[in-house]
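**Student:** Input: one structure, supplied below.
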């Protein structure tokens, strides 16, 4: 193996505290290094060109760049390698800036020693590097969109317009979701159904979209590129080819009346019904739970569309990507007993009010209070019911402030005599034109009282007494109202999570791959989130997020194939004993049994490495972070003793490694005794490595992962935690102080925290002394 | 003592007023729990320095309803304990405990009451009537707050 080493000054960023010349001379003496040089700026055009020429001239097989963090320029140098005709994975970086020169600015001697260690470790890994191929698979040219609300509709249309076949699956008999039932929508107060209905119709009539209503997803199998989605379509007992959508004939004779879920139970419907006048598709449906089978509808339906013979139907579709647009469910206000919802007739929710104000609602748009159908004069809105409340949902539901402002405004517009009060904690009018709208509402004479209502009592006549403190005046009042609207929060609908294998956050909404930079992606490749499925959103944000989800899905589908960094785990069939432990530890359904041997679906593998560390037969390995490479690094570290005590840290790429990098960027100083090896996840850390390090004379080992519960791979750090706890017990029994191994958990932003942990650990190990004496005993 | 955890919880108050809106005492007394918290958050004024905390009846309605899960009642009770340690019992309570120490009850029984009970065939078992029970109550009072009265 012919290795070339390039040591970067990074101007003075590295050269100020690390003796670059000495490091270069040191590099030249390392085995297999046939060329070493220092450079002012290795990432500059001229620097890159110099590396390309050197690779060619010296016929290098692998290169080591000692420079900044791989987070910054790993890709740059891989491209450099490719330009020189070298495989891009024959490049290893030694991070001597973020994790050396910047964090040991006042200790140039120690920094140089540490740089030597880091370089020697990188060279050791370079010796074991293998050429890897970026892999790709074919992607099926169809998408499944689950949920036919505004987000699902938007995503489906975007995809279908690019020529992708879309299956839109909706559990209700109509698409449209919550938005189809709303009255007018902020901040422009346009009629909700008027802007949605054209889109609903476009979806229904689109050549590339197949709308499957009255249906639910029962099973999802396959992987990115080739998902297979099994859908159960419930019968509507109406022949779609015959029904004209006239509804009056059949439903007028139906003797069954049930509270309509599309009116949020404030209105009624028949057992044969259209959910809303603009239902899409415009076919009647029979609600099989309530129909008594009298068949009166069958007799009156002139086109003879009623068909009681229909059976549930199972459909299977194949798709390259899935968009989850399952939206939200409304908070159940009965949980706030002090407000009496469900008991007091005139306490209603936001959604019920939407139906009361809607021209197609049960009162045809007239605001009548439920107890006596009179027009209420004194109306109160209570904000944050089921939001910002540790007893129900701790998060802000984002939409309720604007919804109440909008409804208060509409009531004042339609009923100028009405006295409308909004009880709020804070008004959150965060969107464009929202604050301006808030001001208009104030101008319209809506009374804003800052205070959260403590409780409600119902009087005999149905009026309601609210007890509250006006927190701005400090007065505690009992005040009477005719109608109270609870501004209910929104909650996640995550029932489908286990079928899809995607994770749910502690708030009940689906988890995104990255809260800022990957808001449409999930941890499962090929499954994307649109709308309120990934957190409370108003219509604007839902549509925007649906557009992004569609774009991400289209990107995957239209490219025809999808590429991966080849870090995925793979099984050595010769070594595999068929114990199936890997299939149990893999939470991403990537490991499975193929007969008596384990197999890992490279396309489903998320590259956490948990299975690699778990395999008792060492039959699983992974690309670029292989067992051999990491062990070589550990052994290389122990070859020289350049720090006392000598500490090794395994840091996960997504959080702790980044935290250590951030310590560098922000110049947080810590003890120069610590050397870091990166892994993709702490779940990859094999206890054997820790033992190897200790055996070879490393005095202490840190395993640094993401904060528990925030692992990029969800469960990787929990696996690491368990293993380390077990290892500590084993060490104790073997006479080694278990305090020599420590697990720490940091988010990528915790530079101070990780530096403090490093320092404390070094002090602890100093107290324990060198490991040698423990090894002898 | 009000703990570090308590302080952390107090700092999360969003001044919504649910506590005082739910407070059965605050409607009739000078107690305003939200304002006590406001002074704590805004001015760092210790909870213990608000005399109105003696009006809390420890019904826990505020704690039940607080959207930030602040254990307000418990904190007020801790603050009272601290207050008593530093300044002694406030006037009326001091009197009440003195009576308890001396007579074993807040409302001492008269001879006629004892006679009435005997006539009705009721036993005399409380510290109002029996010396051993009275001494027991006095001991308890002495043990816990003896030095403060």
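**Student:** In percent, how large is the relative contact order of region A:382-502, given Cα pairs closer than 8 Å and 6 or more residues apart?
**Tutor:** Working: 179 pairs, mean separation 33.0, N = 121.
After rounding, I find 27 percent.
**Student:** Quick one: what does P(r) look like for region A:717-767 with 5 Å bins over all Cα pairs, in whole %?
**Tutor:** Binned Cα distances yield the sequence 5, 19, 22, 20, 22, 9, 3, 0.
**Student:** If you take the Cα atoms of region A:475-543, find Rg, then find the Kirkwood Rh from the mean of 1/r over all pairs, what is Rg/Rh? Please report the intermediate quantities before stating the final value.
**Tutor:** Details: Rg = 17.3 Å, Rh = 14.2 Å.
For region A:475-543, the value is 1.22.
**Student:** With everything on Cα atoms, drop me the angle between helix A:400-414 and the longest principal axis of chain A, reported from 0 to 90° to the nearest 10.
**Tutor:** Helix A:400-414 and the main axis of chain A meet at about 20 degrees.
**Student:** Would you mind giving the mean number of other chain beta-carbons within 10 Å of the Cβ of each residue in A:384-390, as a whole number?
**Tutor:** Values: counts 4, 0, 0, 1, 4, 7, 6.
Mean partner-chain Cβ count within 10 Å for A:384-390: 3.
**Student:** What's the Kirkwood radius of region B:60-123 in Å, using all Cα pairs? Spell out each step's value before the answer.
**Tutor:** Numbers: mean 1/r = 0.0654 Å⁻¹.
Mean inverse Cα-Cα distance, inverted, gives 15.3 Å.
**Student:** Beyond 17 Å, how much of the Cα-Cα pair distribution for region A:24-88 remains, as a whole percent?
**Tutor:** Summing the P(r) of region A:24-88 above 17 Å gives 38 percent of all pairs.
**Student:** Using only alpha carbon positions, build the gyration tensor of region A:324-395, then give the equivalent ellipsoid semi-axes as the square roots of 5 times its eigenvalues, largest first, whole angstrom. Please list the in-between numbers first.
**Tutor:** Numbers: eigenvalues 117, 59, 19 Å².
The answer is 24, 17, 10 Å, longest axis first.
**Student:** Next question, about the same structure. Just how far, in whole angstrom, is region A:228-307 from region A:406-474 if you go by their alpha carbon centroids?
**Tutor:** Cα centroid of region A:406-474 versus Cα centroid of region A:228-307: 39 Å apart.
**Student:** Return the average number of partner chain Cβ atoms within 10 angstrom of each residue Cβ along peptide A:469-475.
**Tutor:** Working: counts 14, 2, 11, 2, 0, 6, 0.
Averaged over the peptide's residues, the number is 5.
**Student:** Helix A:751-768 sits at what angle to the longest principal axis of chain A, using alpha carbons and giving 0 to 90 degrees rounded to 10?
**Tutor:** 50 degrees
**Student:** Also, I was wondering about something else. Mind jotting down a quarter of the surface of the convex hull over the alpha carbons of region A:389-533, in square nanometres, one decimal? Mind dumping the intermediate values first?
**Tutor:** Numbers: hull surface 47.5 nm².
Mean shadow area of the hull around the Cα atoms is 11.9 nm².
**Student:** Inside 10 Å of the C-beta atoms of B:57-69, what's the mean count of C-beta atoms belonging to other chains? Walk me through the intermediate numbers first.
**Tutor:** Values: counts 0, 0, 0, 0, 3, 1, 0, 3, 8, 4, 10, 5, 4.
Whole-number average of other-chain Cβ neighbours for B:57-69 is 3.
**Student:** Right, next: Given the -39500 (n - 2.57) contribution per DSSP H run of 4+ residues, what per-residue ellipticity at 222 nm results for chain A, rounded to the nearest 500 deg cm²/dmol? Present the calculation step by step, with values, prior to reporting the outcome.
**Tutor:** On the way: 21 runs with 233 residues, N = 777.
My calculation for chain A gives -9000 deg cm²/dmol from helical runs alone.
**Student:** Using a 10 angstrom cutoff on alpha carbons, build the Gaussian network for chain B and name the most mobile of B:124, B:106, B:72.
**Tutor:** The residue that fluctuates most here is B:124.
**Student:** Taking only C-alpha pairs under 8 Å that are 6+ residues apart, what is the relative contact order of region A:44-89 in percent?
**Tutor:** Numbers: 25 pairs, mean separation 19.7, N = 46.
Normalised by residue count, the contact order of region A:44-89 is 43 percent.
**Student:** Same structure again: Need one number: convex hull volume per residue for region A:34-131, Cα atoms only, in Å³.
**Tutor:** Working: hull volume 9.0 nm³, N = 98.
Measuring per residue, one finds 92 Å³ for the Cα hull of region A:34-131.
**Student:** Among DSSP bridges having both ends in the protein assembly as shown, what percentage is antiparallel? Round to the nearest 5. Mind showing how you got there, number by number?
**Tutor:** Values: 51 of 117 bridges.
So the antiparallel bridges amount to about 45 percent of the total.
**Student:** How do A:482-494, A:241-253 rank on mean C-beta neighbours within 10 Å, highest first?
**Tutor:** On the way: A:482-494: 25.2, A:241-253: 15.5.
Packing order, densest peptide first, comes out as A:482-494, A:241-253.
**Student:** Quick one: give the max-minus-min coordinate of the C-alpha atoms of region A:206-329 along each principal axis, largest first, in Å.
**Tutor:** 49, 31, 27
**Student:** Which peptide among A:317-323, B:131-137, A:706-712, A:152-158 comes first, and what is the full order, when sorted by highest mean count of other Cβ atoms within 10 Å? Intermediate values should be presented prior to the final figure.
**Tutor:** Details: A:317-323: 25.7, B:131-137: 13.7, A:706-712: 18.1, A:152-158: 29.1.
Order by mean packing, descending: A:152-158, A:317-323, A:706-712, B:131-137.
**Student:** Taking 4 °C and 1.567 mPa s as the conditions, I'd like the Stokes-Einstein D for region A:250-401 in µm²/s, using the Kirkwood hydrodynamic radius from alpha carbon pairs.
**Tutor:** Working: Rh = 18.8 Å.
For these conditions, the coefficient is 69 µm²/s.
**Student:** Same structure, new question: Just to be sure I understand: with springs between alpha-carbon atoms less than 10 Å apart, which residue in B:116, B:83, B:93 has the highest mean-square fluctuation in the Gaussian network model of chain B?
**Tutor:** B:116
**Student:** Separate question: Mind ranking A:502-514, A:94-106 by how tightly packed they are, going by the mean number of other C-beta atoms within 10 angstrom, highest first? Before the final figure, lay out the partial values.
**Tutor:** Numbers: A:502-514: 17.5, A:94-106: 24.2.
In descending order of packing, they fall as A:94-106, A:502-514.
**Student:** On to the next question. Rounded to a whole number of µm²/s, how large is the Stokes-Einstein D of region A:453-596 at 4 °C and 1.567 mPa s, given Rh as the Kirkwood radius over C-alpha pairs?
**Tutor:** Numbers: Rh = 20.2 Å.
Using the Kirkwood radius from Cα pairs, D works out to 64 µm²/s.
**Student:** Of A:541, A:309, A:32, how do they rank once you tally other Cβ atoms within 10 Å and put the fewest first?
**Tutor:** Numbers: A:541 17, A:309 8, A:32 13.
Listed from fewest to most nearby Cβ atoms, that is A:309, A:32, A:541.
**Student:** If N is the number of residues in region A:531-575, what value comes out of its Cα radius of gyration divided by 2.2 N^0.38 Å? Each step should come with its number before you reach the end.
**Tutor:** Values: Rg = 17.6 Å, N = 45, 2.2 N^0.38 = 9.3 Å.
Compactness ratio reported: 1.88.
**Student:** Helix A:192-205: angle to the longest alpha-carbon principal axis of chain A, degrees 0 to 90, nearest 10?
**Tutor:** 70 degrees
**Student:** Give the relative contact order (percent, whole number) for chain A; include only Cα pairs under 8 Å separated by 6+ residues.
**Tutor:** Details: 1750 pairs, mean separation 93.1, N = 777.
Value for chain A: 12 percent.
**Student:** Still on this structure, I have one more. Using only the alpha-carbon atoms of the protein assembly as shown, report the extent along each of the three principal axes, biggest first, to the nearest angstrom.
**Tutor:** Between the extreme Cα coordinates on each principal axis of the protein assembly as shown lie 103, 94, 57 Å.
**Student:** Turning to a different aspect of this structure: DSSP beta bridges in region A:398-525, what fraction antiparallel, as a percent rounded to 5? Walk me through the intermediate numbers first.
**Tutor:** On the way: 13 of 17 bridges.
Antiparallel: roughly 75 percent of the beta bridges in region A:398-525.
None of the figures in this text is laboratory data; all of them are computed from the coordinates on show. The structure presented is a predicted model; accordingly, all values stated were derived computationally and were not measured. Positions of Cβ are backbone-derived with ideal geometry, glycine not excepted, and every protein chain shown enters the neighbour counts.
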